[in-house]
Ligand code: DOR
Ligand code: ZN
């Protein structure tokens, strides 16, 4: 299919492009940007060949296909929460052309057969690119390393025991060394289980008032500090998942200044909500790490602004009604995010905290670089993975309309501004709302 996207604002942070013009897509690849962009390319000045579909997208923004580097697709094993198919539908509806999926499935993605299964299923769905993240340790139990070379060979792009911390520092050291020999990142879920034990929400004034056991910020920070030291010692690439506290942001900022190879992500709920949301006892607000205090939220925002936090990832953690419609103590933790992540993140641009190119950089090329995947760019010849955003579209979140099986969102009924209206993967339209 040949597609011409006309009259769009093209924002491609990978090449520092921001201007108005046309984008040509041919045979699944970017075939040039023309018009006012002053880019050279085949598309420039060409007549309209037969069979070309022309989309007039004036007022819309075209960006490299969004990448969500932290998603839980739940398959194999927890298909009642999400499947690779339903998660892929949610991804493209949310504007994501690529997702990296966490290994806490059943069985855990700690061996080649699970990695291959995920890739095969995703290819059958044919919606989004799905990149499996394999476990750091067998069954994510924190005792024995997996076969990293074999997992890489099967298609894994990183290692994480997400959902569980690696409590054994010696194992974490070996994980960093092994992953680094393969030029792959270790993605750390930073939580000291001895400090967080029994906690259900952020430890602070609100937890004291409403009487729920707390998880102190320090539970995250001691592990961020440890893992930074191990990354510094080994020279390996450490990526810190779901940063939620002011102390963690400070530690990462200082480590980067020292030249440690550390990158970091946060999720929209950490820069949007605080522990005040938990007063509702709505189990959709239960998530690990927990929604923190206002100072933490503000520090996360500042970390995004000054570049300490490289990536916004959804940490899409879908759960079934039976997991969440129970007392707070018994509820599963996690927030579904693929279909709200972009609009919540665009809020940062609306507020002036980030420019649009800065935001798009955190949702595309930065994730691609961390995962070493050839995505996140609109360069000539690149795969035509493209997201078209209507920045003016106001819409109200209705969890009943989610493609995801997980309806567990604290943003139900929120009115947000900005939406993906066209998602193109490999030159094919996979989602359209315009
Ligand atoms: O709240 C969470 N849910 N935090 C995690 O780290 C894992 C996730 C899940 O898998 O549900
Ligand atoms: Zn997670």
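The values are calculated or read from the model by the stated rules, or taken from the named source; none is laboratory data. Worth saying up front: this structure is predicted, and the values here are computed from it rather than measured. FYI the Cβ positions are ideal-geometry reconstructions off the backbone, even for glycines, and counts take in every protein chain you see.
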Any hit, region 81-93, residues being within 16 Å of ligand 2 (Cβ to nearest atom) and under 30 Å from residue 169 (Cα atoms): no
Unique match (being within 23 Å of residue 14 (Cβ to Cβ), in contact with a helix residue (DSSP H, G or I) (Cβ under 9 Å, 6 or more places away or on another chain) and assigned to a loop (DSSP other than H, G, I, E, B)) among 418, 406, 376, 381: 376
Subset of region 263-298 [more than 14 Å from ligand 1 (Cβ to nearest atom), assigned to a strand (DSSP E or B) and buried (at least 24 other Cβ atoms within 10 Å of the Cβ)]: 264
Residue 123 vs. criteria free of Cβ contacts under 8 Å to residues at least 24 places away in the same chain and part of a helix (DSSP H, G or I): yes
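Here is a yes/no grid of residues against (1) more than 16 Å from ligand 2 (Cβ to nearest atom); (2) touching a strand residue (DSSP E or B) at 6+ places or on another chain (Cβ under 8 Å); (3) within 27 Å of residue 232 (Cβ to Cβ):
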site: 128; (1), (2), (3): yes, yes, no
site: 140; (1), (2), (3): no, no, yes
site: 149; (1), (2), (3): yes, no, yes
site: 155; (1), (2), (3): yes, yes, no
site: 159; (1), (2), (3): no, yes, yes
site: 168; (1), (2), (3): yes, no, yes
site: 188; (1), (2), (3): no, yes, yes
Close pairs (8 angstrom Cβ cut-off, 6 or more residues apart or separate chains): under 16 Å from residue 395 (Cβ atoms) in region 334-348, within 16 Å of ligand 2 (Cβ to nearest atom) and at pLDDT below 95 anywhere: none
Matching residues, region 218-247, being part of a loop (DSSP other than H, G, I, E, B), in contact with a helix residue (DSSP H, G or I) (Cβ under 9 Å, 6 or more places away or on another chain) and within 16 Å of ligand 1 (Cβ to nearest atom): 242, 243, 244, 245
Hits in region 400-420 (condition: within 27 Å of residue 351 (Cβ to Cβ) and surrounded by fewer than 18 Cβ atoms within 10 Å (Cβ to Cβ)): 401, 412, 413, 414, 415, 417
Counted residues, region 129-185 - those being within 14 Å of residue 101 (Cα to Cα), within 16 Å of ligand 1 (Cβ to nearest atom) and part of a strand (DSSP E or B): 4
Some residue of region 326-334 being under 14 Å from residue 409 (Cβ atoms) and buried (at least 22 other Cβ atoms within 10 Å of the Cβ): yes
Residue match in region 228-235 (condition: free of Cβ contacts under 8 Å to residues at least 24 places away in the same chain, surrounded by 21 or more Cβ atoms within 10 Å (Cβ to Cβ) and farther than 22 Å from residue 108 by Cα): no
Condition check for residue 364: in contact (Cβ under 8 Å) with a residue 40 or more places away in the chain, touching a strand residue (DSSP E or B) at 6+ places or on another chain (Cβ under 7 Å) and closer than 26 Å to residue 334 by Cα: yes
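Looking at region 70-118, which of the residues that are away from ligand 1 (no atom under 12 Å from the Cβ) and part of a strand (DSSP E or B) is farthest from the chain's Cα centre (by Cα)?
Checking each candidate, the answer is 97.
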Selection within region 310-339 - within 14 Å of the chain's Cα centre (by Cα) and away from ligand 2 (no atom under 16 Å from the Cβ): 310, 339
